[in-house]
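Participant: This structure is in structure tokens; I'll ask about it shortly.
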Amino acid sequence: MRRIKFGLGMAAALSVALLTGCGGGASEPAKAGPAPTDLKAEITYGYWDVNQKPAMDKVISQFNQDYPNIKVTSEVTPYAQYFTKLQTQGSSNTLPDVFWMNGPNFQLYASNGQLAPMTALTDSKQVDPANYPESLNKLYSLDGKQYGVPKDFDTIALWYNKALFKQAGVAVPTADWTWDDFHKAAKTISDKLKSKGIYGVATNMSGGQEGYYDSILQAGGSIISADGKKSGYDDPKSIKGLQLWADLIADGSSPTMQQLSDTPANKWFDNGKAAMEWTGTWQVSEIKASPVKDDASVAPLPKGEQKATVIHGLANVVSAKSKNLQAAQAFQAFLGTKAAALTQANMGAANPAFNGTQQAFVDSVPSFNIKVFEDAANEYAFPFPVSKNTAAWNQLETDLLPDAFAGKKPVADVAKELADKMNALLAKE
Amino acid sequence: MTANTAARVGAPGRASTPRAPRNQRGVRATDGWWPAAFILPLFIGVAIFFLYPIVETAYLSFTASGAFGGSTFTGVENYAKLASDPQIGRSLLNTLIYTAIVLCGVPLAVGLASLVNRPGLRFAKFYRTMFFLPYVAMPVAISMVWRMIYNGDFGVLNFALSRVGINGPHWISTDGLALLSVAVLGLWISLGFNMIILSAGLKGIPVELYEAASIDGASRFRQFRQITVPLLTPSIFFVVVITVIGGFQLFDLLFVLLGSTNPAMADSQSLVYLFFNESFIKNNKGYGATIAMLILVLVSIATAIQFRLQRRWVNYV
């Protein structure tokens, strides 16, 4: 019976999408120059992370010092439902006025006319893109127009457990580690600590960002071409990047795909059952609260042909259909200021995107060596791979790659199949 | 109102006899629009929330739809894709396997329900509550707990097995085993609901029949076989229909227990999971609607067959 209700919800969502597909209408472009401070309006702000609500509330109250008559109401939706809900709202022209956006979803919204471009804000210097990492500005631009103000960013680094390295008698990772050093250390730790059920590295399978995206880039390959039209998975270098993980799993340096599916990589690491893990800035708060907090530290990712990590970050965007576009953009501009960035950093909400405001975050856990993430962003970060309908080919990765990593099929064959199917999807975009 | 209609209204049970249609037409004519007015509130709800979405889904299944509404008519293209999609066959088979396993819970529920309903059983209410509890809890919450139980490295199940010298497998991430593990959980959850329905059915069986049978010297087992089961068939029929429909709609248990990045998912996915993936992950609502239509047709056929077959084995006293 409960499942029937679920089906009904789906049907309702579908029909809402249909009912409202035909509405719409263009809205007035915002006038150049900042909005008058006596502007009176009510706008909504949509986001997903309830942990960041205190910081967001603080930012809103700071905004109200400049614009006392703009009432901002928060709409917090859990991440699991956020984009499903947002899409339904987009279909019915009821998007929040200002909301969080991520890389994989950005182009879908921008190319379908759901987002208001920031041309007026950047032309009048209310927002200066130079204040944010270049790769993030690029991530939130489409056809030469920027739509999102970067909010925060994350890069990937090698987390390791000093105590486990010591137990296995292996030297801890350094900044000039290569793939060989990394693999050898992982294998040695797995072999020496096998009786305790401890592995060298826990391969992260929650998507490419914490694993194969980085290794593909390190090998000199690519996930998608720069113009977003062609898959890079059939590039022999990309295949080398995938092979790294298949090899680690095959020789027992890493738990198997099944083990990683039952217990995700971060749990292996957090509980001292894996000595290494590739993951991002956002794990700081989780590891800080885990049993391994005193032994954990961060080193740069090992080098393949080159050093590389993907960089990703969120942005604040404005709905193109907003009824209070001027107020919404005034708020968007404020969210991109140094003051808003510092509030986020000081309250430990996120690693802010505004250049030069990350120090507070770096200082939050001195023993973790968080500076590695910031250096990665400045020195060897590659933009997060996206296209207009990223989610569609992300699903292909989820469907096809496990067989390659588990050794059920040759990596090259799977990569070729993935590239073909991905190209077919990209051709339709 | 004439005396003639008043008499008919006074005997509503008659209206459903096979000979009724001719009379009914007369009733409708003289009652005016009143009956329709009383049905209207329910009908509006059903029309808006069930009929309209079905019609729209049917339409959508002939289109390629944009991410934010707007669709272009593509004729039978989606259906051609459906016919050649290798994932459909696999997930249909998985759905059938799951349904078959969960159906095994029905005889189990009949046995348990009659045990729990034995007159004079101590703690009967306690047992009933225990069996019903899983049905009251949220399936997602249950799946989260079972995810931990089934965990291959650190799960309670494998820990227990290791104590008797068995090295347990990775239940929910091994091809073949994963679907089985989901089905066992589905069976366990449905047990409570089935038992409650069947218990109500058991209460309706007159005690005299058992008394007469025991005077005639029938054993308890024979009473069960020849009184309980035949007289319980209407309830069993209901439970089977509901279970089959529920089986075809397998999604939440699979989604939470296995998780989307599970290496065994490709081997275990159900039709509704495929529908969800197409519609809400790949933003391919047209093709998603086509899969939804397939599910609708399959459930309709399965249910129609059951209603046809029930004449052979269900006893309405």
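Participant: Shape verdict for chain A, please, from the Cα gyration tensor: rounded (a/c under 1.5), prolate (a/b greater than b/c) or oblate.
Facilitator: prolate
Participant: If you don't mind, another one. Along the Cα→Cβ direction, 7 angstrom out, place labels at B:Val140 and B:Leu115. What is the inter-label distance in nm?
Facilitator: Roughly 3.4 nm, to one decimal.
Participant: In addition: In debye, nearest 20, what is the charge dipole magnitude of the stretch A:282-396 about its Cα centre with +1 on Lys and Arg Cβ and -1 on Asp and Glu Cβ, if you could check?
Facilitator: In total the dipole reaches around 540 debye.
Participant: Counting only DSSP beta bridges with both residues in the protein assembly as shown, what percent are antiparallel, rounded to the nearest 5?
Facilitator: 60 percent
Participant: Name the residue farthest towards the positive end of the dipole of chain A from the options A:Ser367, A:Phe269, A:Ala175, assuming +1 on Cβ of Lys and Arg, -1 on Cβ of Asp and Glu, about the Cα centre.
Facilitator: A:Phe269
Participant: Between the stretch B:242-258 and the stretch A:326-388, how far is it from one alpha carbon centroid to the other, in angstrom?
Facilitator: That distance is 42 Å.
Participant: Starting from the Kirkwood radius over alpha-carbon pairs of the protein assembly as shown, derive D by Stokes-Einstein at 20 °C in a medium of 1.002 mPa s and give it in µm² s⁻¹. The partial results should precede the final answer.
Facilitator: Details: Rh = 29.5 Å.
Here the translational diffusion coefficient equals 73 µm²/s.
Participant: Sum -39500 (n - 2.57) across every DSSP H segment of at least 4 residues in chain B, then divide by the residue count to get the 222 nm mean residue ellipticity, nearest 500.
Facilitator: -21500 deg cm²/dmol
Participant: Quick one: if the Förster radius is 41 Å, what FRET efficiency do B:Ala80 and A:Thr119 give, using the C-beta to C-beta distance and rounding to 0.05?
Facilitator: 0.40
Participant: Relative to the longest principal Cα axis of chain A, at what angle does helix A:236-250 sit, 0 to 90 degrees, rounded to 10?
Facilitator: The two axes meet at around 60 degrees.
Participant: What is the gain in length, in nm to one decimal, between A:Ala250 and A:Gln81 on full extension, counting 0.36 nm per residue of separation less the C-alpha to C-alpha distance?
Facilitator: Result for the pair: 57.3 nm of gain on full extension.
Participant: Taking the Cα centre of each part, how many Å lie between the stretch B:39-72 and the stretch B:76-155?
Facilitator: Their Cα centres are 30 Å away from one another.
Participant: A follow-up question, please. Please list, in order along the stretch B:232-244, the HN-Hα scalar couplings obtained from phi with the Karplus expression 6.51 cos²θ - 1.76 cosθ + 1.60 (θ = phi - 60°), rounded to whole Hz, x for Gly and Pro.
Facilitator: Using θ = phi - 60°, the values come out as 8, 4, x, 5, 4, 4, 4, 4, 5, 4, 4, 5, 5 Hz.
Participant: Between A:Ser92, A:Ser238, A:Ser190, which gets the highest mean-square fluctuation from a Gaussian network model of chain A, Cα cutoff 10 Å?
Facilitator: Ranking A:Ser92, A:Ser238, A:Ser190 by mean-square fluctuation puts A:Ser92 first.
Participant: Between B:Thr303 and A:Lys229, take the C-beta separation as r, use R0 = 51 Å, and let me know the FRET efficiency to the nearest 0.05.
Facilitator: 0.60
Participant: Work through the residues other than B:Gln87 whose Cβ is under 13 Å from its Cβ and net out their charges, Lys, Arg +1 and Asp, Glu -1.
Facilitator: Every neighbour counted, the sum reads 0.
Participant: Separate question: Cα centroids of the stretch A:186-245 and the stretch B:172-233: how far apart, whole angstrom?
Facilitator: For the stretch A:186-245 versus the stretch B:172-233, the Cα centre distance is 52 Å.
Participant: Can you work out ³J(HN,Hα) from phi for every residue in the stretch B:173-190, in order, using Karplus 6.51 cos²θ - 1.76 cosθ + 1.60 and θ = phi - 60°, giving whole Hz and x for Gly and Pro?
Facilitator: 9, 10, 3, x, 5, 4, 4, 4, 5, 5, 5, 4, 5, x, 4, 4, 5, 6
Participant: Using a Gaussian network model of chain B with C-alpha springs under 10 Å, which one of B:Gly120, B:Gly75, B:Gly155 is most mobile by mean-square fluctuation?
Facilitator: Looking only at B:Gly120, B:Gly75, B:Gly155, the biggest GNM fluctuation is shown by B:Gly120.
Participant: What is the fewest-to-most order of B:Phe154, A:Phe331 by other Cβ atoms lying within 10 Å of their Cβ?
Facilitator: In increasing order of surrounding Cβ atoms, one gets B:Phe154, A:Phe331.
Participant: Continuing with this model, one more query. 5 Å is the cut-off here: which amide hydrogens, built 1.01 Å from N in the peptide plane, fall below it relative to A:Ala116, excluding neighbours closer than 5 in sequence?
Facilitator: For A:Ala116, whose amide H was placed from the backbone, the distant partners under 5 Å are A:Val318, A:Ser319, A:Ala320.
Participant: Right, something else. What is the average number of partner chain Cβ atoms found within 10 Å of a Cβ in A:256-268?
Facilitator: 6
Participant: I would also like to ask the following. When Lys and Arg each count +1 and Asp and Glu each count -1, what net charge do the other residues less than 13 Å away from B:Pro230, Cβ to Cβ, add up to?
Facilitator: Details: positive: B:Arg222, B:Arg225, B:Arg312; negative: none.
Net local charge, B:Pro230 excluded: +3.
Participant: To continue, here is another question. Roughly how crowded by other chains is peptide A:387-398, in terms of the mean Cβ count from those chains within 10 Å of each of its Cβ atoms? Don't skip to the answer; put the middle values down first.
Facilitator: Details: counts 0, 1, 4, 0, 5, 5, 1, 2, 7, 1, 1, 7.
The mean count of partner-chain Cβ atoms within 10 Å per residue comes to 3.
Participant: Longest segment of chain B with no trypsin sites (Lys or Arg not before Pro) in a DSSP loop having at most 11 other Cβ atoms within 10 Å?
Facilitator: By the stated rule (loop sites, at most 11 other Cβ atoms within 10 Å), B:123-317.
Participant: Further question: Once you have all Cα-Cα distances for the stretch B:28-185, histogram them in 5 Å bins from zero and send the whole-percent values.
Facilitator: 1, 6, 8, 9, 10, 12, 12, 12, 10, 8, 6, 3, 1, 1, 0, 0
Participant: Count charges around A:Tyr140 for me, please; just the other residues with Cβ under 13 Å from its Cβ, Lys/Arg as +1, Asp/Glu as -1.
Facilitator: Counting the neighbours of A:Tyr140, the net charge comes to 0.
Participant: What residues have an amide H closer than 5 Å to that of A:Ile156, excluding those fewer than 5 places away on the same chain, when H is modeled at 1.01 Å from N in the peptide plane?
Facilitator: Those lying under 5 Å, H to H, from A:Ile156 are A:Val310.
Participant: How many percent of DSSP beta bridges within chain A run antiparallel, rounded to 5? Spell out each step's value before the answer.
Facilitator: Values: 22 of 38 bridges.
Expressed as a percentage, antiparallel bridges in chain A total about 60.
Participant: Let me know the charge dipole size of the protein assembly as shown about its Cα centre in debye, to the nearest 20, where only the beta-carbon of Lys, Arg (+1) and Asp, Glu (-1) is charged.
Facilitator: Approximately 3360 debye in magnitude.
Participant: From the phi angles alone, apply the Karplus equation (6.51, -1.76, 1.60; θ = phi - 60°) to the stretch A:201-218 and give each ³J(HN,Hα) in whole Hz, x where the residue is Gly or Pro.
Facilitator: So the J values, rounded to whole Hz, are 9, 9, 6, 8, 10, 7, x, x, 3, 9, x, 6, 4, 5, 5, 5, 5, 5.
Participant: If packing is taken as the mean number of other Cβ atoms within 10 Å per residue, what is the order of A:94-107, B:35-48, A:378-391, highest first? Mind showing how you got there, number by number?
Facilitator: Details: A:94-107: 22.9, B:35-48: 10.7, A:378-391: 19.9.
Answer by packing, highest mean first, reads A:94-107, A:378-391, B:35-48.
Participant: Quick one: which residues, 5 or more positions from B:Asp153 or on another chain, have an amide H under 5 Å from its amide H? H modelled 1.01 Å from N in the peptide plane, none for Pro or chain starts.
Facilitator: So B:Asp153 has HN proximity to no qualifying residue.
Participant: What is the distance, in nm, between label points placed 7 Å from the Cα along the Cα-to-Cβ direction at A:Lys338 and at A:Gln359?
Facilitator: Each label point lies 7 Å from its Cα, and together they span 1.1 nm.
Participant: Identify which of A:Gln243, A:Gln283, A:Gln209 has the largest mean-square fluctuation in a Gaussian network model of chain A, with springs joining Cα atoms closer than 10 Å.
Facilitator: A:Gln283
Participant: With each label point set 7 Å from Cα along the Cα-Cβ vector, what nm distance links B:Ala212 and A:Lys184?
Facilitator: Here the modelled spin labels are 8.9 nm apart.
Participant: Next up: Taking each residue in B:146-158, count the Cβ atoms of any other chain within 10 Å of its Cβ, then average. What number comes out?
Facilitator: 3
Participant: So in the stretch A:133-283, what percent of DSSP beta bridges are antiparallel if you round to the nearest 5?
Facilitator: 75 percent
Every number here is computed from the coordinates shown, using simple stated rules; none is lab data. Remember, it's a predicted structure, so these values are computed and weren't measured experimentally. With ideal geometry, Cβ positions are generated from the backbone for all residues, glycine too; neighbour counts draw on all protein chains shown.
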